[in-house]
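Remarks on the structure that follows.
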Amino acid sequence: MSKKTYITHHGMTDLLPGEIEQWQALEAAIHETARLYHFQEIRTPVLEQTELIARGVGQLTDIVSKEMFTFNRGEDHYVLRPEGTAPVARAFIQHHLAQRGGTQRLYYIGPFFRAERPQKGRQRQFHQFGAELIGATGAIADVEIISFMAEIYRQIGIVNTTLKLNSVGDPESREAYRKALHGYFKPLTDQLSEISRNRLETNPMRILDSKEEQDQPLISGAPVITDFLSESSRTHFESVRQLLDIMGIPYEVDPFLVRGLDYYTETAFELTSPDLGSQDALGGGGRYDLLIEEVGGPPTPAVGFACGIERLMIACEALGIRLADPSGPDIYFVTRGEEAARWALEKMPELRNNGLVCTMDYSGRSLKAQMKDANRQQARFAVIIGEQELQTNLFTFRDMVNSKEFQISSSEIAKRALSL
Ligand code: AMP
């Protein structure tokens with residue numbers, strides 16, 4: 001009988017050594033940028049209540065209507081979180097973070113789950129980093145969030161990006177725009193794709209999100225929201241644009257960039273890259289002044305962004321950006337006999353305390369096999385230990401790069417490794 005083996009679910013991948021170093025370096029850059037922007041990390045559970053996500057993301061979205069991984073246990077309805085903003089809003093309310101005073105500046109990194117059709121840049125388990133600035137209404141907050149997001153890509157070296165910017169206005173602006181869009185698309189119903197036809201009555205703004213070929217000429221002639229902005233929304237949008245100019249952050253106004261949910265207000269933005277192919281969005285975000293109230297909290301303005309890590313990695317690969325490579329140990333102990341192996345095991349903590357990366361053979365292999373392994377692991381130095389070396393306290397210290405060897409005592413190993 002052949003043994004049964006198992007593989008990951010479709011659209012879910014393992015991150016292995018060789019690739020993980022790139023992720024760790026990215027995460028370090030995110031943490032460091034967050035520190036400089038004075039944002040603090042928040043980690044929320046991977047499982048949330050289904051109702052929170054349904055309300056926080058919106059019943060009419062693709063995410064909630066068809067992409068959630070859910071299950072029930074007894075009375076409880078669980079969902080694998082598909083995004084990070086609703087969970088952060090929930091934590092903000094649950095822990096009364098408003099009482100800490102001032103604005104809350106939170107960021108996160110982690111896995112998210114959507115039952116989408118997997119393709120390049122689209123997985124069922126993917127990873128995002130994102131940030132939320134909660135409790136501030138001003139355009140300065142919007143620009144700080146955009147600046148934070150842009151800075152992470154700049155740090156990584158992904159600079160040929162486009163920041164698309166729009167305003168979806170306040171609820172009054174949006175209502176006026178929705179009516180205008182409905183009036184425009186209604187006579188064109190027969191020419192719309194089926195998916196857009198369905199959106200016409202429920203949420204015509206989402207027609208603008210359509211990727212269907214046949215909708216494109218119709219969308220390009222549609223009214224634009226900027227013509228329907230109220231006085232205060234127009235002022236907010238102008239301030240955001242002015243501040244971006246002052247900050248030297250380039251952008252393009254895209255009047256069809258929408259977040260078709262009622263909780264989203266004012267600023268909307270998206271960062272795209274020509275190096276990604278059809279899934280060209282690196283990340284996006286915007287203002288969501290009505291969301292926290294929608295999920296049970298006090299009226300609280302907020303603005304945030306979320307970016308996909310897999311897509312950032314695709315862009316890195318296309319641009320030839322290597323953030324980090326796997327590195328070998330500083331010292332590989334090549335041992336002959338059990339006593340020598342025990343000696344190495346005891347010696348390694350001291351060296352590690354000095355910041356040296358140490359390893360050894362764990363299977364009693366031949367000296368030749370151990371030297372081969374030290375080479376394969378790209379060890380910088382090998383220290384060779386046998387019975388005689390232990391008696392004389394003189395060890396062969398081999399520089400693996402130039403094959404030079406030295407005879408040194410045990411107490412000199414750290415100094416010698418650190419000095420070369
Ligand atoms: P969203 O939360 O839908 O605004 O997505 C924000 C970013 O997360 C996108 O721009 C993508 O970079 C990334 N993203 C969203 N869904 C997926 C997915 N299924 N697979 C990989 N990345 C994704």
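Compare W23, W343 by solvent-accessible area with a 1.4 Å probe and give them largest first, with all protein chains kept in place.
Highest to lowest solvent-accessible surface, that is W343, W23.
Does segment 87-233 come out rounded, prolate or oblate, given a ≥ b ≥ c as the square roots of the eigenvalues of its C-alpha gyration tensor, rounded meaning a/c under 1.5 and, failing that, prolate meaning a/b above b/c? Cα axes put segment 87-233 in the prolate bin. Between L36, I321, S411, the Cα set farthest toward the positive side of the dipole of the chain (charges on each charged residue's Cβ, about the Cα centre) is that of S411. Farthest toward the positive end of the dipole of the chain, out of Y251, T162, L390, is the Cα of L390, where the dipole comes from beta carbon charges about the Cα centre.
Taking a ≥ b ≥ c as the square roots of the Cα gyration tensor eigenvalues, with a/c under 1.5 meaning rounded and otherwise prolate when a/b beats b/c, else oblate, which class fits segment 234-350? Please report the intermediate quantities before stating the final value.
Details: a/c = 3.60, a/b = 2.38, b/c = 1.52.
In terms of gyration-tensor shape, prolate.
A probe of 1.4 angstrom, applied to the heavy atoms of all protein chains, finds T13 with accessible area near 90 square angstrom. Per the Debye formula on identical point scatterers at the alpha carbon atoms of the chain, with no solvent, log10 I(q)/I(0) at q = 0.12, 0.14 Å⁻¹ is -1.00, -1.23. What a 1.4 Å probe finds exposed on segment 331-419 is 47% carbon and sulfur by accessible area, rounded to a whole percent. Note on I207: accessible area is roughly 0 Å² with a 1.4 Å probe, heavy atoms of protein only. Given in Å, the Rg to one decimal and the Dmax to the nearest whole number for the Cα atoms of segment 322-391 are 12.4, 46.
In this Cβ point-charge picture (+1 for Lys and Arg, -1 for Asp and Glu), the chain has a dipole of about 1160 debye about its Cα centre.
Using the 2.2 N^0.38 Å rule of thumb for compact globular proteins, work out how segment 281-420 stacks up: its C-alpha Rg over that value, please.
Values: Rg = 25.2 Å, N = 140, 2.2 N^0.38 = 14.4 Å.
Normalised Cα radius of gyration, segment 281-420: 1.75.
The lysines whose alpha-carbon is closer than 22 Å to the alpha-carbon of K415, local same-chain residues fewer than 8 away aside, are K347, K404.
Rounded to the nearest 10 degrees, the angle from helix 367-376 to the longest Cα principal axis of the chain is 30 degrees. Highest-first packing order for the peptide set 51-62, 158-169, 246-257, 67-78 is 158-169, 51-62, 246-257, 67-78, based on the mean count of other beta carbon atoms within 10 Å. Note on T392 and I246: with the Förster distance fixed at 60 Å, the Cβ-Cβ geometry gives a FRET efficiency of about 0.30. For the pair K372 and Q49, label points projected 7 Å from Cα toward Cβ lie 6.1 nm apart.
Computed with every protein chain present, the accessible area of R241 is close to 90 Å² [probe 1.4 Å].
With both labels modelled 7 Å from their Cα along Cα-to-Cβ, the T226 to R73 distance reads 5.1 nm. From a point 7 Å beyond the Cα of K4 in the direction of its Cβ, which residues of segment 64-89 have a backbone N at a distance under 20 Å? Counting backbone N atoms under 20 Å from the label point, the list is empty. Just so you know, the Cα atoms of segment 122-166 work out to an Rg and Dmax of 12.9, 36 Å.
Once the gyration tensor of the Cα atoms in segment 187-289 is diagonalised, the equivalent ellipsoid follows with semi-axes of 26, 18, 12 Å, ordered largest first.
The distance between label points at L36 and R322 comes to 2.4 nm (points 7 Å beyond Cα on the Cα→Cβ vector). Compared with the dominant Cα axis of the chain, that is its longest principal axis, helix 231-247 is turned about 30°.
If one takes the longest principal axis of the Cα atoms in the chain, at what angle in degrees, from 0 to 90 and to the nearest 10, does the Cα axis of helix 171-185 lie? Taking Cα atoms only, the helix is inclined about 70 degrees. The mean accessible area for residues of the chain, using a 1.4 Å probe and ignoring ligands and nucleic acids, is 51 Å² per residue.
In whole percent, and with a 1.4 Å probe on the protein chains, what portion of the accessible area of segment 186-246 is carbon and sulfur? Before the final figure, lay out the partial values.
Working: 1620 of 3480 Å².
After summing per-atom areas, the C and S share lands at 47 percent.
Mind checking which aspartates and glutamates have their Cα closer than 17 Å to the Cα of K372? Skip sequence neighbours fewer than 8 apart in that chain. Partners within reach: D330, D361, D399, E405.
The values are calculated or read from the model by the stated rules, or taken from the named source; none is laboratory data. As the structure is a computational prediction, the values presented were derived from the model and not from experiment. For neighbour counting, all protein chains shown are included, and Cβ atoms are generated from backbone atoms with ideal geometry for every residue, glycine included. SASA here: full protein model, heavy atoms, side chains in, ligands and nucleic acids out. Shrake-Rupley method; radii C 1.70, N 1.55, O 1.52, S 1.80 Å.
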